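Presented below is the structure to which this report refers.
The values are calculated or read from the model by the stated rules, or taken from the named source; none is laboratory data. As the structure is a computational prediction, the values presented were derived from the model and not from experiment. No Cβ is skipped: glycine too gets one built from the backbone with ideal geometry, and neighbour counts run over all protein chains shown. Note: accessible area is taken over every heavy atom of the protein model, side chains too, but ligands, DNA and RNA are not part of it. Shrake-Rupley method; radii C 1.70, N 1.55, O 1.52, S 1.80 Å.
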Amino acid sequence: MTRYLLKRIALLVPLMLGITLITFTVIHLAPGEPVDMQMAMNPKVGKEARERLTKFYGLDKPLHEQYFSWLGRLAKLDLGRSFSSDNRPVVDKIKERLPITLSLNIIALVLEFGLAIPIGIMAAVYRDTWLDKGITVFVFLGFAVPTFWLALLLMYFFGVKLNWLPISGLHTLGYEAYSLSGRVWDLAKHLILPVCVASFGSLAGVSRYMRSAMLGVIEQDYITTARAKGLSERTVIWKHALRNALLPLITLAGFSIPGLIGGSVIFETIFAIPGMGQLFYQGVMSRDYPVVMGILVIGAFLTLLGNLIADISYALADPRIRQQ
């Protein structure tokens, strides 16, 4: 197991370098320069001012020199300074918004798996019944409905027409004057729509994976043996079949880790939530290379970490993988 773990960790370094190299190159090939974006609204800016700003940001150097300079700072855990007018360290900007995005996505992830697993199990147990067909329709709707369209639809119906829920931000203006329970309830109302949007599409997919895995398990011989011993159907499904059916979801859970950071661009922008997704969108629009690279590096690291956790979980669950 130790040899397997060390081998998987050793592969992370070249993968991470390759991801950063490709990402850095693609970002700089995108049309538009940070200096042009900043000076577009000020026609009085001369050529000398543009050149000074370009040199200040280090954009006058060749691309490979910029990359190795950025990589050297990254080795010291320095993500550089933002190209925006405040010129703040990227780490400080990320620290401010990271807790919001993590909290929002963790709640959505718990809701997603907490609902998808029972839904998938019921669809498998009651295969080819009206319940299974109804769940299948729900799954296809979840796959088909665009996230941004669903967000706008919910905002219009629950926020504008019914006026039940707020449609932007995390707090009501003047919420500091509320009691503790009032502040908690105010935050909960602001989170209902974003959490529903964040979990709906993935809920459909995970439930489908769960149904497929459960169907494969309940047809195994040991399940037939467990039923022949007189065990109740509840015990057979929830104790014996569920454990093995959850193995494919380990991979999905591992892939969900990077989504805790980078999977919230759309609904954070629509709902005006000051999280990492909104910061990434603003960085892309303003060609703020350090901010974009900082968020992408964190997302890439979490993706590799998620894959590593999934591999380790598989190795713990299946001894054959460790032996191979």
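Some observations on this one:
- Other-chain or far-sequence residues with amide H under 5 Å of I273's (modelled H): G169
- Region 201-240 and region 96-168 have Cα centres lying 24 Å from one another.
- Long-range HN-HN contacts of R81 with modeled amide H, under 5 Å: V90
- Estimated from helices alone, the mean residue ellipticity of the chain at 222 nm is -23500 deg cm²/dmol (sum of -39500 (n - 2.57) over DSSP H runs with n ≥ 4, per residue).
- Helix axis angle, 63-75 relative to the chain longest principal axis, alpha carbon, degrees: 60
- Legend: distances between Cα atoms for K7/K76; K133/K161; K55/K95; K55/K76; K93/K161; pairs beyond 26 Å are K133/K161; K55/K95; K93/K161.
- Seen from all directions on average, region 162-247 presents a Cα convex hull projection of 9.1 nm².
- Anisotropy class of region 59-159 from Cα gyration tensor, a/c 1.5 cut: prolate
- Cα-based shape type of region 102-184, given that a ≥ b ≥ c are square roots of the gyration tensor eigenvalues and the cut on a/c is 1.5: prolate
- Set of aspartates and glutamates with alpha-carbon distance to K229 below 14 Å, sequence-local pairs under 8 removed: D221
- Per residue, the solvent-accessible area of the chain (1.4 Å probe, heavy atoms of protein chains only, all protein chains present) comes to 58 Å².
- Using alpha-carbon coordinates, inclination of helix 12-29 to the longest axis of the chain, degrees: 50
- Bridgeable aspartates and glutamates around K61 (alpha carbons under 15 Å apart, same-chain partners fewer than 8 residues away excluded): E33, E51.
- Mean separation of Cα pairs under 8 Å and 6 or more residues apart, divided by the residue count, gives the chain a relative contact order of 26 percent.
- Angle between the chain longest axis and helix 180-218 axis [Cα atoms, degrees, rounded to 10]: 50
- Equivalent-ellipsoid semi-axes of the chain, from the Cα gyration tensor, Å, largest first: 43, 29, 16
- The mean sequence separation of alpha-carbon pairs under 8 Å and at least six residues apart, normalised by the residue count of region 75-189, gives a relative contact order of 9 percent.
- Relative contact order [Cα under 8 Å, 6+ residues apart], region 161-212, whole percent: 38
- Carbon plus sulfur fraction of accessible area for the chain, probe 1.4 Å, in percent: 66
- Peptides 238-248, 210-220 ranked from most to least packed, by the mean per-residue count of other Cβ atoms within 10 Å: 210-220, 238-248.
- Per-selection Rg to Rh, region 90-134 - Cα, Kirkwood hydrodynamic radius: 1.38
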